[in-house]
Amino acid sequence: MSPKILKNTALLSALFVCMLLVSLTGWAEGYSLVSLEYEPYSYSQNGTFKGYDIEVIEECFRRMGEDLEIELIPWSRALRMGMAGETDGVFGIFRRPERVEKMFFSEPVRAEKISFFVRKDSPLVFNGDLTQLKNCSFGVVGGYSYGKEVDSFFKNEVPESRVEIGVSPEMNITKLLRGRFDIYVGDTFSSLNTMHKMGVAGQIRRLGPPVNISAVHVAFSRKRKLGRLRDRFDAALEAMRLDGTLDRIKKKYFDE
């Protein structure tokens, strides 16, 4: 083999090794989390991710010294990816036994209040007793949990034909106004925010008190062995709670 061929072979081998190292380093140093577009918690504006959840999570990872990539996709896909270990984690998620089997759950990032919404001219009333609404029809987001009591109510008391599944709050709010179902189910803050953004807040009213208040977490993949990452995230989150960072971020998004 000539010196020229040997030189070219050596250069190609060195280039291959460098590319492999860069690829492996990028994979090892960065983490990916997924969730749904869910203003004011997680949304994209002018090509930038914003929202309470996103600001909190990005600050946690900054304090941890870790790179983070976020992707906002339909919830059913985000949950499937998290359960299958196809991503490092899912945020904006409720803790459920079947999910705990697949993911390590963080300490609560925030609380979520679930409410019922109806058209402004609806005659329906609600005092907190779910059974009085068992003959109504509902609109929900596919794959999303609305708390143990509400999920159980839909499963055991409401026929499947009366629960219409949509892919987003915007879709369900539009369906509510078109009379496709009686009651839209959603997070209080996100739903009100979306209605104002759509210009339909005056056409919809909240029905009675919140039906559920649940803790919302970040869940890290067990398949990818990210229990230690969860522990580090919890430590950063607690530090943010103690130094007032969480309160400062909260004031940007919520008027309570």
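The values are calculated or read from the model by the stated rules, or taken from the named source; none is laboratory data. Every value quoted in this text rests on a predicted model; they were computed, and no experiment measured them. Note that we place each Cβ from the backbone using ideal geometry, even for glycine, and neighbour counts take in every protein chain shown. For the accessible areas, the whole protein counts, side chains as well, though only heavy atoms, and no ligand, DNA or RNA atoms are used. Shrake-Rupley method; radii C 1.70, N 1.55, O 1.52, S 1.80 Å.
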Exercise. Glu86 to Ser44: FRET efficiency via 1/(1 + (r/R0)^6), r the Cβ-Cβ distance, R0 25 Å, to the nearest 0.05?
Worked result: 0.75
Problem set entry | Kirkwood Rh in Å, taken over the range 127-235 so that all alpha-carbon pairs contribute | 15.8 Å
Problem set entry | Hits among aspartates and glutamates - C-alpha to C-alpha of Lys102 under 15 Å, sequence gap 8 or more where chains match | Glu86, Asp88
Seminar exercise, completed: The value for the chain (convex hull of the alpha-carbon atoms, volume per residue, Å³) is 175 Å³
For this session: Report the antiparallel proportion of the DSSP beta bridges in the range 54-187 as a percent, rounded to a multiple of 5.
Result: 40 percent
Exercise. On full extension of the chain, what length is gained from Arg77 through Asp247, given 0.36 nm per residue of separation minus the C-alpha to C-alpha distance?
Worked result: 58.1 nm
For this session: Set the Förster distance to 30 Å, then compute FRET efficiency between Arg95 and Asn127 from the Cβ-Cβ distance, nearest 0.05.
Result: 0.60
Exercise. Taking the Cα centre of the range 139-196 as the origin, how large is its charge dipole in debye, to the nearest 20, when only Lys and Arg (+1) and Asp and Glu (-1) carry charge on their Cβ atoms?
Worked result: 160 debye
Exercise. Is there a pair in Lys113/Lys155; Lys155/Lys225; Lys197/Lys250 whose C-alpha atoms are over 23 Å apart, and which pairs would that be?
Worked result: Lys155/Lys225
Problem set entry | Apportionment of accessible area to carbon and sulfur, the chain, percent (1.4 Å) | 54 percent
Exercise. If the cut-off is a Cα-Cα distance under 16 Å, which lysines reach Lys252, setting aside same-chain residues fewer than 8 apart in sequence?
Worked result: Lys50
Exercise. How large is the dipole of the chain about the Cα centre if only Lys and Arg carry +1 and Asp and Glu carry -1, each at its Cβ, rounded to the nearest 20 debye?
Worked result: 400 debye
Exercise. Extension gain Glu58-Lys134, at 0.36 nm per residue separation less the Cα-Cα distance, in nm?
Worked result: 23.2 nm
For this session: Identify the residues of the range 144-186 with backbone N under 16 Å of a label point that sits 7 angstrom from the Cα of Ala215 along the Cα-to-Cβ direction, or state none.
Result: 147-148
Exercise. Separation between the Glu160 and Ala235 pseudo-spin-labels, each 7 Å from Cα along Cα→Cβ, expressed in nm?
Worked result: 4.7 nm
Exercise. What is the Rg over Rh value, at two decimals, for the range 51-142, using alpha-carbon atoms and the Kirkwood definition of Rh?
Worked result: 1.07
Exercise. Ordered by packing density, taken as the mean number of other Cβ atoms within 10 Å over each peptide's residues, highest first, how do 80-89, 125-134, 64-73, 51-60 rank?
Worked result: 51-60, 80-89, 64-73, 125-134
Problem set entry | Solvent-accessible area per residue for the chain (1.4 angstrom probe, square angstrom) | 54 Å²
